[in-house]
Amino acid sequence: MRVQNASEALSAVRSGMRVFVHGGVATPTVLVQALVDAAPRLNDVEIMHLHTEGHDAEYAKREYAGTFKVSNSCIGRRPPGLVAALNTISDPVARFWSTVAHLEQSAVIAFRLLAKELEAFGAPAELIERAVAAAEDEVRHAIQTRAIAERMGGVWIEPEVEELEDRSLLDFAIDNATEGCVRETFGAAVGRFQACVAEDDEVRRVMKQVGEDETRHAELSWDIAVWCDSQLTEEEQAQVQRAQRLAYVDLVSACHAPIPVALARQAGYPGPQHALRLVNGMKTLWV
Ligand SMILES: [Fe+2]
Ligand SMILES: [Fe+2]
């Protein structure tokens, strides 16, 4: 067995990589700190986790926006350039709903941008109209989940989005495949699961509508993907497929993260056993 200290172990992490951080009491706090210490030599590292414990998520601070991108839940579509929310609330239920409300409001921005980009790429008007309607759904989701967050002692975190240069159709298609066809599609299934099993009456009621809306948003993503394919070369389509497969692999990793019991009960959020069942049942969509 080779023994290494944390900084030696973290030397394997390079710019552009995705890093999965185990959650709950298994959060590797020493390694997370070593990752933050390595920030000066890194950029564009995606950190995936669900509910970590034992540190202040320093990598999510504004100063690390160009270094670390945080993916912590499968709830809706995130806009490109979204700055990770610094959410250090210790209660897992309050923290979860604060993150959900932040991501729902972020999805409003994502769909407004999506509509603009579709228009700029000359996409069919019908797709643009559906993206505008989806932004309106997300406004409602943000209001409803914010109310749940505040009732549970959480906070409102206004999304911050960095302005980025215009994207190519290929980059747009890759983003649609990962954020829409994988994340939002899985998010729709999670929403429907929560609507069935959450102990909280308001959560079941809100998530029933959210699950239906997110299913429509997922359908929109798949229809956009078909249109993008019609505009891309075969090589570009293969790149989109590869990105989608990678997003699926990341999703499976994220599904292994344990969920605090209080969160599984109140919000009905699926723990590893149910999340892996869901993801396995949907696998043929992505690979
Ligand atoms: Fe959505
Ligand atoms: Fe939503």
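Between the amide H of Leu82 and those of Glu162, distances stay under 5 Å, these residues lying 5 or more places away or on another chain, with hydrogens modeled in the peptide plane. Normalised by the number of residues in segment 73-285, the average gap of Cα pairs under 8 Å and 6 or more apart makes the relative contact order 23 percent.
The distance linking segment 236-287 with segment 129-204 is 16 Å (Cα centroid to Cα centroid, whole angstrom). Backbone phi angles across segment 91-107, fed through the Karplus curve with coefficients 6.51, -1.76 and 1.60 (θ = phi - 60°), yield HN-Hα couplings of 5, x, 6, 5, 5, 4, 5, 5, 5, 4, 4, 4, 6, 5, 5, 5, 5 Hz in residue order; Gly and Pro are listed as x. Normalised by 2.2 N^0.38 Å, where N is the number of residues, the C-alpha radius of gyration of segment 217-286 stands at 1.41. Cα-based values for segment 73-285, radius of gyration first and Dmax second, are 16.7, 50 Å.
Based on other C-beta atoms within 10 Å, arrange Lys283, Lys208 from fewest to most.
Least crowded to most crowded, the residues run Lys283, Lys208.
Phi-derived couplings, Karplus 6.51 cos²θ - 1.76 cosθ + 1.60 at θ = phi - 60°, listed residue by residue for segment 204-209: 4, 5, 5, 5, 4, 5 Hz, with x used for Gly and Pro. Inter-label distance, Gln231 to Val252: 3.2 nm, where each label sits 7 Å from its Cα along the C-beta direction.
About the centre of its Cα atoms, segment 73-285 shows a dipole size close to 1000 debye [charges on the beta carbon of Lys, Arg (+1) and Asp, Glu (-1) only; nearest 20 debye]. One chain, two ends: Ala125 and Val287. Fully extended at 0.36 nm per residue, the span grows by 55.3 nm beyond their Cα-Cα distance. Does anything in segment 202-227 have its amide N under 11 Å from the 7 Å Cα→Cβ label point of Arg151, and if so which residues? Within reach of a label on Arg151: 202-207. For segment 154-226, the equivalent ellipsoid derived from the alpha-carbon gyration tensor has semi-axes of 28, 18, 8 Å in decreasing order. Report note on the peptides 151-163, 83-95: ranked by the mean count of other C-beta atoms within 10 Å, highest first, their order is 83-95, 151-163.
Laboratory data are not the source of any read-out in this text; all were calculated from the coordinates shown. Being a predicted model, the structure only gives us computed values, none of them experimental. Don't worry about glycine lacking a Cβ; one is built from the backbone with ideal geometry, like all the others, and counts go over all protein chains shown.
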